[in-house]
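The values are calculated or read from the model by the stated rules, or taken from the named source; none is laboratory data. Note that the coordinates shown come from a computational prediction; the quantities given were computed from them, not determined experimentally. Reconstructed Cβ throughout: ideal geometry from the backbone, glycine too, with neighbour counts over all protein chains shown.
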Amino acid sequence: MTANLLDYDLDGLARFCEGLGEKRFRAVQLFRWIHQKGASSFDDMSDLAKSLREKLKGVAHVKALDLVSQHISSDGTIKWLFDVGGGNAIETVFIPEDDRGTLCISSQAGCAIGCRFCSTGHQGFSRNLTTGEIIAQLWFAEHFLRQHLQRDERVISNVVMMGMGEPLQNYAEVIPALRVMLDDHAYGLSRRRVTVSTSGIVPKIDLLAEQCPVALAVSLHAPTDALRDDLVPLNKKYPLDALMQACRRYLAYAPRDFITFEYCMLAGVNDQPEHAQQLVELVRRYGAGAVWCKFNLIPFNPFPASGLRCSSPAQVQAFARILSDAGIVTTIRKTRGEDIDAACGQLAGDVKDRTRVGERIARQRSWTITPVATDRPSVKET
Ligand code: SAH
Ligand code: SF4
């Protein structure tokens, strides 16, 4: 079977090369060609011995994802839809800001957690992505953007695992992908700039602390077990007390000295002043002064099947005020890419998108659609 070299972190690639009778430094060269230069053809890797290039051609490839569509929002956000086979598609979103470029990547096709307010959750679980499929999103986006922006240096400075899926339910494939993101021979991102977002798989939070501590975001969404059981069904397995204790343990390893709590604002469900007050009490119970965490309030992005509504801006502001008056750093997430359904929780990865594209362009004039089905970054073109 042909090995996909995007599946390996550097140690894995070194073992693969050793299997071919090659030294570790060859793996470093190969790794740099793939991730730093975006090469997918062994012929382009000019400083590798010809004999090695020929050997590699017989047993390995750099397998990109099949791009279905690209949507560019009026605010510069780009959403890519990739076909991962079997009728499944995943989405990746690039969010440019003045001082950084953030890539939001998916870890699963669908999600098994089934949160009430999330369209990925409503879609159900299809399968875990492989390490190669996770890293291919960054590989593609970074080199595609460099090529199109005509930049030699890094474009993506931050990665957030906040796309489709629950990353900690695909732990074994996510960890090598994180290692590739952090590796100086690949993307060289700092641990503070790589964020895993989780609905709260407690044992995996502890494992992550031990094996690859990156920035942690926890999707809280409710201050009490009764409400959280309803919104995030996983809470029945790992209730708030266990989750909060895991967050406190994580702090000893975290690259930042706080945990981010994400909180999706749902009108009349979890957005009342008493909910904010209960949150203050909750975080104080687990750490004096409540300075060990930050809150990120996410305006709910509605989708028809949810039957839920977003809180009004005034309600969100009032909620934020209660938290910040209690000394908790609180931000309200700016919605990006809404016109292309790229905002949080709108990623449904629906393959039917393919047929809806034309219809949507007609509706949304701010979109630019580029047919990029075969667009793979190539070293020669950069
Ligand atoms: N499964 C992980 C990561 C992916 S979801 C997690 O749940 O953390 C990324 C973030 O988007 C989470 O905080 C999630 O709660 C939020 N989200 C999901 N659906 C949303 C929606 N419809 N509107 C706003 N935020 C949503
Ligand atoms: Fe899954 Fe996260 Fe969506 Fe919940 S919010 S269903 S954990 S992707």
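Details
- Selection status of Tyr238, in contact (Cβ under 8 Å) with a residue 24 or more places away in the chain, assigned by TED's automatic domain parsing to the domain that holds His122, of a type in the set (Ser, Thr, Tyr) and farther than 21 Å from Gln108 by Cβ: no
- Beta carbons closer than 8 Å, at least 6 apart along the sequence or on distinct chains, pair a first residue in region 243-265 that is of a type in the set (Phe, Trp, Tyr) with a second that is surrounded by fewer than 20 Cβ atoms within 10 Å (Cβ to Cβ) and assigned to a loop (DSSP other than H, G, I, E, B) for Tyr250/Pro213; Tyr253/Pro213; Phe258/Val291; Phe258/Trp292.
- Residues that are among the aliphatic types (A, V, I, L, M), modelled with pLDDT of 60 or more and under 28 Å from Gly101 (Cα atoms), drawn from region 324-366: Ile328, Val329, Ile332, Ile340, Ala342, Ala343
- Within the option set Gly165, Gly124, being assigned by TED's automatic domain parsing to the domain that holds Pro255, without any contact (Cβ under 8 Å) to a residue 24 or more places away in the chain and within 16 Å of ligand 2 (Cβ to nearest atom) holds for one residue only, Gly124.
- Checking each residue in region 78-132 for being surrounded by fewer than 23 Cβ atoms within 10 Å (Cβ to Cβ), of a type in the set (Ser, Thr, Tyr) and part of a loop (DSSP other than H, G, I, E, B) picks out only Thr130.
- Condition check for Trp33: in contact with a helix residue (DSSP H, G or I) (Cβ under 9 Å, 6 or more places away or on another chain), part of a helix (DSSP H, G or I) and under 26 Å from Thr195 (Cα atoms): yes
- Selection of region 108-121 for residues being farther than 16 Å from Pro302 by Cβ and within 6 Å of ligand 2 (Cβ to nearest atom) yields Cys111, Ile113, Gly114.
- Residue count for region 1-36, restricted to those that are within 25 Å of the chain's Cα centre (by Cα) and buried (at least 16 other Cβ atoms within 10 Å of the Cβ): 16
- Those residues of region 282-323 which are loosely packed, with under 14 Cβ neighbours inside 10 Å, away from ligand 2 (no atom under 16 Å from the Cβ) and assigned to a helix (DSSP H, G or I), in sequence order: Arg285, Ala288, Gly289, Pro304, Pro313, Ala314, Gln317, Arg321
- Region 179-211 - residue that is out of contact with any Phe, Trp or Tyr (no Cβ under 6 Å at 6 or more places or on another chain) and within 10 Å of ligand 1 (Cβ to nearest atom) and, of those, farthest from Ala112 (Cα to Cα): Thr195
- Filter result for Pro176 (over 13 Å from the mean Cα position of the chain (by Cα), away from ligand 1 (no atom under 16 Å from the Cβ) and outside any helix (DSSP H, G or I)): no
- Only one of the numbered conditions (1) within 11 Å of ligand 1 (Cβ to nearest atom); (2) out of contact with any strand residue (DSSP E or B) (no Cβ under 8 Å at 6 or more places or on another chain) is not met by Asp152, and that is (1).
- Selection within region 205-225 - of a type outside the set (S, T, N, Q), surrounded by 21 or more Cβ atoms within 10 Å (Cβ to Cβ) and within 16 Å of ligand 2 (Cβ to nearest atom): Ile205, Leu208, Leu216, Val218, Leu220, His221, Ala222
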